[in-house]
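Trainee: To start, I am sharing the structure in question, which I have written as structure tokens.
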Amino acid sequence: MEFIPPKQTIEEVQADLIKRFTHFANPKDRYKYLIDMGKQLQQMDSDFATEENRIHGCQSQVWIHIEEHDGRLYMQAKSDAAIVSGLIALLLRVYNGRTPQEVATAPLEFLGKIGLLQQLSPNRSTGLYHMIKRIQAEGQKRLTA
């Protein structure tokens, strides 16, 4: 896993994602872009695909491994579904390499602004919610430790 702190603030990353996704007028093109993001996910070490790292509440198989390095949280994740992999990639763009405080408190309004949430099936929305909850809980846990 690479331990490189992000160059942009969370707000800059979110503004960039909003710009990229709203560039596509057609919802299908947004999905294609999301799937392409998922294909670029860093390969997660298969040793991390454990029950402890599995996200429960997702219809597809999703694992996320989070470790702290120099006061920042670094994440690797994988899924067996293309769109879910894209959703993970989207979240990791925002959360990866951030401090526990940032991870626990990052506002996520951008998800509504990129025009994807409206198109997600209820099951995918629930899965996305569980992924966000798990990542934020890790940040929170490290704040109170």
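Trainee: Do you know which residues across region 1-28 are among the acidic types (Asp, Glu) and at pLDDT 95 or above?
Mentor: Residues satisfying the conditions are Glu11, Glu12, Asp16.
Trainee: Say we look at region 115-145 and pick out the residues that are of a type in the set (A, V, I, L, M) and in a helix (DSSP H, G or I); which of these is farthest from the chain's Cα centre (by Cα)?
Mentor: Among residues in region 115-145 that are of a type in the set (A, V, I, L, M) and in a helix (DSSP H, G or I), the one farthest from the chain's Cα centre (by Cα) is Leu143.
Trainee: Surrounded by fewer than 20 Cβ atoms within 10 Å (Cβ to Cβ) and farther than 23 Å from Tyr31 by Cβ - does that describe any residue in region 71-84?
Mentor: yes
Trainee: OK, next. So which residues in region 109-145 are touching a helix residue (DSSP H, G or I) at 6+ places or on another chain (Cβ under 6 Å), more than 16 Å from Glu67 (Cα to Cα) and without any contact (Cβ under 8 Å) to a residue 40 or more places away in the chain, if there are any at all?
Mentor: Hits for region 109-145 are Leu111, Leu117.
Trainee: Examine region 126-139 for a residue that is closer than 24 Å to Ile4 by Cα, among the small types (Gly, Ala, Ser), surrounded by fewer than 21 Cβ atoms within 10 Å (Cβ to Cβ) and in contact with a Lys or Arg (Cβ under 6 Å, 6 or more places away or on another chain), and state whether such a residue exists.
Mentor: no
Trainee: How many of the residues making up region 1-49 are among the acidic types (Asp, Glu), free of Cβ contacts under 8 Å to residues at least 24 places away in the same chain and over 21 Å from Glu102 (Cβ atoms)?
Mentor: Number satisfying all stated conditions: 2.
Trainee: OK, next. Just give me the residues in region 99-124 being under 20 Å from Ala82 (Cα atoms) and surrounded by 15 or more Cβ atoms within 10 Å (Cβ to Cβ), in sequence order.
Mentor: Result: Leu111, Ile114, Gly115, Leu116, Leu120, Arg124.
Trainee: Starting from region 66-88, take each residue that is touching a residue at least 40 places away in the same chain (Cβ under 8 Å) and list its partners that are in a loop (DSSP other than H, G, I, E, B) and charged (D, E, K, R), counting only C-beta distances under 8 angstrom and pairs at least six apart or across chains.
Mentor: Tyr74/Glu2; Gln76/Asp45
Trainee: When you scan region 25-56, how many residues do you find that are under 22 Å from Phe110 (Cβ atoms), surrounded by fewer than 16 Cβ atoms within 10 Å (Cβ to Cβ) and more than 15 Å from the chain's Cα centre (by Cα)?
Mentor: Residues meeting the conditions: 6.
The values are calculated or read from the model by the stated rules, or taken from the named source; none is laboratory data. Remember, predicted model here, so these are calculated numbers, not experimental data. We place every Cβ from the backbone using ideal geometry, glycine too, and count neighbours over all the protein chains shown.
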